[in-house]
Structure formats: structure tokens, C-alpha cells
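Everything below concerns the one structure shown next.
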Amino acid sequence: MGEPDSDDELVARVAGADHDACRRLVDRHLARVVAFAARVLGDADEAEEVRRLVTRAIDTLPERQRTALALCHYQGLGNAEAAAVMEISVEAVESLLARARRTLRERLRPLVAEAERR
């Protein structure tokens, strides 16, 4: 088995609309979120369920929103850098991110409400 792709290589592939590269990049960085959730929740199985729900919610985003999210939130690029990679304006990246966040917030609201009840 070859070496895993670096984040930079995955970002280049994401910019070329490679959905698998986007998924791998999100999964790689989502692992930190799962580890944090396991510590907070005290239950690794529950944290894994959180990961599945978040992954599913991200997967349902339109591709350009998913790409902007991966570049800015998981790869740590600034909006201008993401715009250059995606070959769109900074304003377009900002709009894509705002729509992605709004959609994720709506889709994950039940999960957040359940966590707050604990």
C-alpha cells in the first residue's frame, strides 16, 4: 500500500472536483472532532455516531459548498486562498461557506439539542 496522500495533494484533487479526495480530507480531520467528542461524552460509541451524522450531513452538501468547507475549515486555507484554488471570487467562497454552515446547522440541530439536554 502506498503512502497516504498529503493534505496538500488532497486539496489539489478537491479543487479538481474529486469527491473521494474531499471525503478523505474531511475524514482525516474529523477524527480530531471524534476524539474530542469521546472525551466530552465519555462514550466512544456515541462519539462515533456523532462522526457518522456529521459526515452524512457534509456529504449532502452541494459539491462547491463541500469543497469550500474542506479547503477553509479542514485544510485551514483563508477565503482568498480557497478562492484561488477554486478559481472563483472571494465573495463566492464566503457565500458558499455561509450556505454550507446554515445547512449544516439546520441538519445537525437535533443532535445539538439532544446534547444540550444531557
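Structure above, values below:
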| quantity | calculated |
| --- | --- |
| Span-like helix ranges in the chain, DSSP H, alpha carbon extent 30 angstrom or more, Kyte mean at least -0.5 | 19-41, 90-117 |
| Per residue accessible area of the chain, 1.4 Å probe, in Å² | 60 |
| For residue 9, solvent-accessible area (1.4 Å; no DNA, RNA or ligand), Å² | 90 |
| Cα-based shape type of the chain, given that a ≥ b ≥ c are square roots of the gyration tensor eigenvalues and the cut on a/c is 1.5 | oblate |
| Carbon + sulfur, % of accessible area of the chain - ligands and nucleic acids excluded, 1.4 Å | 53 |
| Accessible heavy-atom area order of 91, 49, highest first, probe of 1.4 Å | 91, 49 |
| ³J(HN,Hα), Karplus 6.51/-1.76/1.60, whole Hz, each residue of segment 61-77, x for Gly, Pro | 5, x, 4, 5, 5, 4, 5, 4, 4, 4, 5, 7, 8, 9, 9, x, 6 |
| Computed accessible area, residue 73, all protein chains, 1.4 angstrom probe, square angstrom | 100 |
| Cβ crowding within 10 Å averaged over residues, with 60-69, 36-45 ranked highest first | 60-69, 36-45 |
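The values are calculated or read from the model by the stated rules, or taken from the named source; none is laboratory data. Being a predicted model, the structure only gives us computed values, none of them experimental. Neighbour counts run over all protein chains shown; Cβ positions are idealised from the backbone, glycine included. With ligands, DNA and RNA removed, areas are computed over all heavy atoms of the protein, side chains included. Shrake-Rupley method; radii C 1.70, N 1.55, O 1.52, S 1.80 Å.
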